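Have a look at the structure below before the remarks.
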Amino acid sequence: MADMGAFRETVTAWAAGGPGGPAHELAARLPVRAVVLLEGPSDAAAVDALAASRGRNLAAEGVCVLPMGGAMSVGRFAGLLGPPGLGLRLTGLCDEAERGYYDRGLERAGAAQHGFFVCAADLEEELIRALGVTRVEELVRAEGDIRALQTFMRQPAQQGRTAQQQLRRFLGTKKGRKIRYGRVLVEALDPDRVPAPLDDLLTSL
């Protein structure tokens, strides 16, 4: 049976230059009503974790959570999935520094820009700020990474940075770590401490 994971894979292959037929077929069969465009898999892990904590199954609701592999891909995906392509509703998260890529890409595709929610630096920074440094360090300890964090924080390049900045950089130092902590940090949030961009995104779906 076709599922949202298969749709995500066919769209990614289409964006890489493959045929669009399979994506059209799956979009109609599932059916898909909206696509959440995200820069990478750690953002997707966070969105999925928040949805699960609220008892929602986005795939069953016809929502595809799709990591694009970088902000510069937004124009390509918006053209395939938005008004020029499948005609689906597009939404997602973007970093403030990458906002220009989103604005230009969505404009070229004729897609609404107001459906995208902006993180000040990135989603990891939003989550660390919401939880606080002490709580994030507790979670790092619980995950068995505290010695790696302490070693990282002693590096000369980290001196002069705030603990919040160091934690944010630490999450990206090992393959797969950002994805794992995208889930871990969201699951640790109090319901009233969810960062506004993430909360607004899920509420909009």
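The values are calculated or read from the model by the stated rules, or taken from the named source; none is laboratory data. Everything numeric in this text was worked out from a predicted model, so none of it was measured. Cβ atoms come from the backbone with ideal geometry, glycine included; neighbour counts cover every protein chain shown. For the accessible areas, the whole protein counts, side chains as well, though only heavy atoms, and no ligand, DNA or RNA atoms are used. Shrake-Rupley method; radii C 1.70, N 1.55, O 1.52, S 1.80 Å.
So the values come out like this:
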| quantity | calculated |
| --- | --- |
| The chain: calculated mean residue ellipticity at 222 nm from DSSP helix runs of at least 4, using -39500 (n - 2.57) | -15500 deg cm²/dmol |
| Protein-only accessible surface order, largest first, of D48, D43, D199 at 1.4 Å | D48, D199, D43 |
| Residue-count net charge about K174 - beta-carbon cut-off 11 Å; Lys, Arg +1, Asp, Glu -1 | +3 |
| Pairwise FRET efficiency - R135 versus Q159, Cβ, R0 = 30 Å, nearest 0.05 | 0.80 |
| Nonlocal amide H pairs with F117, under 5 Å, H built at 1.01 Å | G92, L93, C94 |
| Positive minus negative residues near A34 (Lys, Arg vs Asp, Glu; Cβ under 14 Å) | +3 |
| Fluctuation leader among Q164, Q155, Q113 - the chain, Gaussian network, Cα springs under 10 angstrom | Q155 |
| C-alpha long axis of helix 177-187 to longest principal axis of the chain, angle in ° | 90 |
| The chain: most fluctuating residue of G17, G70, G87 per GNM, C-alpha cutoff 10 Å | G17 |
| Cα→Cβ-extended label distance, 7 Å offset, between Q150 and D192, nm | 3.6 |
| 0 to 90° range, to nearest 10: angle between helix 99-109 axis and the chain longest Cα axis | 10 |
| Difference of contour (0.36 nm per residue) and Cα-Cα distance, A112 to A142 | 6.7 nm |
| Exposure rank, largest accessible area first [M4, M153; 1.4 Å] | M153, M4 |
| Prolate/oblate/rounded call for the stretch 10-69, Cα gyration tensor, a/c under 1.5 rounded | oblate |
| Solvent-accessible area, 1.4 Å probe, carbon plus sulfur percent, for the chain | 49 |
| Contact order normalised by residue count of the stretch 1-140, Cα under 8 Å, 6+ apart, percent | 21 |
| Estimated translational D of the stretch 64-128 in µm²/s (Stokes, Kirkwood radius over Cα pairs; 4 °C; 1.567 mPa s) | 109 |
| Gain in span if fully extended, A120 to R56, counting 0.36 nm per residue against the direct Cα distance | 20.4 nm |
| Surface per residue (accessible, 1.4 Å probe) for the stretch 1-121, Å² | 44 |
| Kirkwood Rh, angstrom, the chain [1 / mean 1/r, Cα pairs] | 17.8 |
